[in-house]
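For reference, the structure is listed below as structure tokens.
The values are calculated or read from the model by the stated rules, or taken from the named source; none is laboratory data. Only a predicted model underlies this, so the values are computations on that prediction, with no experimental measurement involved. Because the Cβ atoms are built from the backbone with ideal geometry, glycine has one as well, and the counts that use them run over all protein chains shown. The area values use the complete protein model at the heavy-atom level, side chains included, leaving out ligands, DNA and RNA. Shrake-Rupley method; radii C 1.70, N 1.55, O 1.52, S 1.80 Å.
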Amino acid sequence: MNSICYNNSEILKYFLEPQSVALIGISRKTGRGSFNIMENLIEYGFQGKIYPVNPKAKEILGQRVYSDVASLPEGIDLAIISTPRDSVPELVKKCAGRKIKGIIIITQGFREADDPMGKELQQELDRITNETRIRVLGPNSLGVINAFSGFSSAFIPIPRIQYPVALISQSGGFFEGFANCPFGKGVDLGNASDLSFIEALSYFEKDPDIRVIVIYMEAISQVSEFIPLARRITRSKPILF
């Protein structure tokens, strides 16, 4: 069980500033139109360690590929999961077993899906994250962008421009279509089954690279926490909705 606890501002460091990342379900296809996360990550300038996981490949882009999560070294900062939805809960459990600190779930088809299976999978995912205490961004999330450290979990190319603006969104589309508001760091909460506006705001409040925070909000359940936190932050950094 992953029993490590972090405060709200600390946990997102492993998502936005990872030193090591496991790419679970990484595609063997590379090149234009492949939507390969590892290819985008390398081109974006990431200097940390990358651990691709794909049982059908030995090497991708010159990197050794691991056959499964169990073969990964312990203590990796971040895992990015992009596998079929029915495999995700068990993979989250295995990541916790390898003491991975955080997980981005790109896979869709959970609470937002209009079918019983999606809701059942979301409940199973919630149960596992509660039991293991591993922190999760998503599901249905493009993850994060950090132009300052050169880290991007997106499967689409994102320009690397170090603007002092942070974007917190509940829609990954804003990562590629927010031309009128360029940003240097971004967090796509997706379904926000675990990490939420609270953790993201707490992180950017203390981030010296960021002077303005932009929020695209569709819904929020933590109103009693969000309002006083936002009021406090606006004393030093403007928040735009």
Flag if Ala22 is open to solvent by less than 20 Å² (accessible area, probe 1.4 Å), in contact (Cβ under 8 Å) with a residue 40 or more places away in the chain and more than 25 Å from Ala219 (Cα to Cα): yes
Near pairs, Cβ below 8 angstrom, 6+ apart or cross-chain, from the stretch 95-114 (of a type in the set (Lys, Arg)) to any residue that is in a strand (DSSP E or B) and at pLDDT 95 or above: Lys101/Leu78; Lys101/Arg135
Failed condition for Gly62, given (1) at positive phi; (2) modelled with pLDDT of 95 or more: (2)
Hits in the stretch 136-156 (condition: in contact with a helix residue (DSSP H, G or I) (Cβ under 9 Å, 6 or more places away or on another chain), open to solvent by less than 10 Å² (accessible area, probe 1.4 Å) and assigned to a loop (DSSP other than H, G, I, E, B)): Pro139, Ala147, Gly150, Ser153, Ala154
Test: residue in the stretch 66-73 that is buried (at least 16 other Cβ atoms within 10 Å of the Cβ) and within 21 Å of Phe155 (Cα to Cα): yes
Matching option when the condition is among the acidic types (Asp, Glu), modelled with pLDDT of 95 or more and buried (at least 22 other Cβ atoms within 10 Å of the Cβ), among Glu124, Glu199, Glu131: Glu199
